[in-house]
Amino acid sequence: MNELARFVSSLPKAELHLHIEGTFEPELMFEIARRNNIKIPYDSVEQVRDAYRFGNLQDFLDIYYAGANVLQTERDFYDLTRAYLDKAHEQNVVHTEIFFDPQTHTHRGIPFDTVIRGIRAALDDAHNEYGMTSHLIMSFLRHLPEEDAFKTLEQGLRYRDWITAVGLDSSELGNPPSKFRRVFERARAEGFLTVAHAGEEGPAQYVRQALDLLRVSRIDHGNRSLDDEVLTRELVRRQIPLTVCPLSNLKLQVCRDLSKHPVRRMLDMGLLVTVNSDDPAYFGGYVNENYIALIEPLQMSRNELLRLVENSFRAAFLDDNQRQTYLGNLHQAAEHFN
Ligand code: ADE
Ligand code: ZN
């Protein structure tokens with residue numbers, strides 16, 4: 001590993017855009033399928049990995065939802081989450097904000113409680129064992145009606161203390177943020193923060209809607225924001241974080257070549273941009289690999305890498321004390337790197 005790759009890997013960091021269902025590695029999928037007596041349409045781990053070639057977001061989502069079908073019990077959700085947290089810890093992630101998609105599971109008869117209890121138990125263990133802090137973001141599937149999101153919100157209210165924010169994911173094109181204006185309004189009234197995937201495949205106008213109609217604290221992806229100069233200036237002025245996912249963009253053909261990835265322009269324009277892994281089991285890398293992938297194609301300097309990691313804490317849903325502690329630890333680690 002070269003010097004800059006070692007540098008960025010060594011730094012304590014926060015991950016802010018991570019779908020827990022997207023951390024389902026084929027090895028664990030086979031193990032859980034076996035113990036739950038579920039047939040999966042692959043003969044080997046290699047065959048599964050071979051199927052992970054996607055032309056666009058929808059190609060990926062079809063495979064991602066099929067994979068999630070294997071998850072049935074609280075223990076399954078525990079094992080899934082625990083495997084991600086162990087990997088994140090190995091990569092020096094000290095704080096993580098995790099999306100979960102309740103509807104992916106409740107729609108096939110798995111109780112909301114099973115999902116959230118399994119995830120939460122793993123978060124508690126990682127906090128006790130590693131000191132890792134976390135937040136949960138309950139994400140609504142945007143290809144489903146707003147009415148379904150309302151039902152999901154109702155279920156989430158029983159776990160109000162375990163859920164920090166609501167989000168919006170799944171098939172973006174044709175499902176604008178405006179479709180979810182009322183349920184986000186209700187979520188905010190209940191005290192949840194809000195985020196939304198916008199401008200991944202969809203237009204800059206969806207980012208505008210996420211800001212104005214959903215009143216989001218952060219934009220997930222946001223690549224297409226740069227198509228709109230007025231919008232971009234506002235994102236800079238208000239320092240609205242963008243949770244960007246380079247390897248995801250490459251694998252879903254949102255971006256043909258990392259040397260043209262918008263994160264370079266985002267940094268240069270002073271946007272509060274962060275680097276994240278999205279669905280690491282499907283896109284070939286966890287958070288460190290996402291930083292490393294940018295170094296050569298975008299000629300990232302040591303200071304720019306450090307800025308991206310600083311941004312991960314600036315953009316996190318931390319209180320000011322925690323944020324200052326994490327930033328202090330980060331600067332110490334950067335100074336002492338050798
Ligand atoms: N669900 C999981 N990953 C996603 C992504 N990159 N975009 C939209 N929905 C998703
Ligand atoms: Zn995502």
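Just so you know, in the stretch 166-203 the residues that are over 20 Å from the mean Cα position of the chain (by Cα) and small (Gly, Ala, Ser) include one that is farthest from Ile240 (Cα to Cα), and it is Gly174. Taken over the stretch 16-45, residues that are closer than 14 Å to Tyr78 by Cα and among the polar types (S, T, N, Q) amount to 1. When residues in the stretch 315-333 are screened for being surrounded by fewer than 17 Cβ atoms within 10 Å (Cβ to Cβ) and touching a residue at least 60 places away in the same chain (Cβ under 8 Å), 2 of them pass.
In the condition set (1) in contact with a Ser or Thr (Cβ under 6 Å, 6 or more places away or on another chain); (2) polar (S, T, N, Q); (3) more than 16 Å from ligand 2 (Cβ to nearest atom), Gln72 is compliant with all but (1). Cβ-Cβ contacts under 6 Å between residues 6 or more apart (or on different chains), taken from a first residue in the stretch 194-213 that is touching a residue at least 40 places away in the same chain (Cβ under 8 Å) and more than 20 Å from His135 (Cβ to Cβ) to a second residue that is part of a strand (DSSP E or B) and within 16 Å of ligand 2 (Cβ to nearest atom), are listed as Glu200/His221. Condition first: of a type outside the set (Val, Ile, Thr), farther than 16 Å from Leu173 by Cα, within 19 Å of the chain's Cα centre (by Cα) and within 14 Å of ligand 2 (Cβ to nearest atom). Can you find one or more residues in the stretch 251-260 that meet it? Yes: the stretch 251-260 contains one or more residues that are of a type outside the set (Val, Ile, Thr), farther than 16 Å from Leu173 by Cα, within 19 Å of the chain's Cα centre (by Cα) and within 14 Å of ligand 2 (Cβ to nearest atom). Only one of the numbered conditions (1) within 30 Å of Val263 (Cβ to Cβ); (2) in contact with a helix residue (DSSP H, G or I) (Cβ under 6 Å, 6 or more places away or on another chain); (3) part of a helix (DSSP H, G or I) is not met by Ser134, and that is (3).
Tallying residues that are within 21 Å of Ile119 (Cβ to Cβ) and either within 16 Å of ligand 2 (Cβ to nearest atom) or crowded, with 19+ Cβ neighbours inside 10 Å (or both) within the stretch 46-69 yields 5.
Could you please let me know if Leu16 is buried (at least 18 other Cβ atoms within 10 Å of the Cβ), closer than 23 Å to Pro246 by Cβ and more than 16 Å from ligand 1 (Cβ to nearest atom)? It would help to see each step written out before you state the result.
Values: buried (at least 18 other Cβ atoms within 10 Å of the Cβ): yes; closer than 23 Å to Pro246 by Cβ: yes; more than 16 Å from ligand 1 (Cβ to nearest atom): no.
Taking the combined requirement at face value, the residue does not satisfy it.
Is one or more of the residues making up the stretch 76-89 modelled with pLDDT of 95 or more and closer than 15 Å to Ser170 by Cα? There is no residue in the stretch 76-89 that is modelled with pLDDT of 95 or more and closer than 15 Å to Ser170 by Cα.
Can you tell me which residue in the stretch 213-241 is surrounded by the fewest Cβ atoms within 10 Å (Cβ to Cβ), limited to those that are within 20 Å of the chain's Cα centre (by Cα) and not in a loop (DSSP other than H, G, I, E, B)? Explain how you work it out, then say what you get.
Kept after step one, since they are within 20 Å of the chain's Cα centre (by Cα), are these residues of the stretch 213-241: 214-225, 235, 239-241.
Checking the rest, the ones that are also not in a loop (DSSP other than H, G, I, E, B) come to 218-221, 223-225, 235.
Numbers: Arg218: 25, Ile219: 27, Asp220: 28, His221: 27, Asn223: 24, Arg224: 21, Ser225: 27, Leu235: 25.
This residue is Arg224.
The lone criterion from (1) outside any helix (DSSP H, G or I); (2) closer than 19 Å to Arg160 by Cα; (3) away from ligand 2 (no atom under 16 Å from the Cβ) left unmet by Glu97 is number (3).
The values are calculated or read from the model by the stated rules, or taken from the named source; none is laboratory data. Model, not experiment: these values are computed from the prediction. Reconstructed Cβ throughout: ideal geometry from the backbone, glycine too, with neighbour counts over all protein chains shown.
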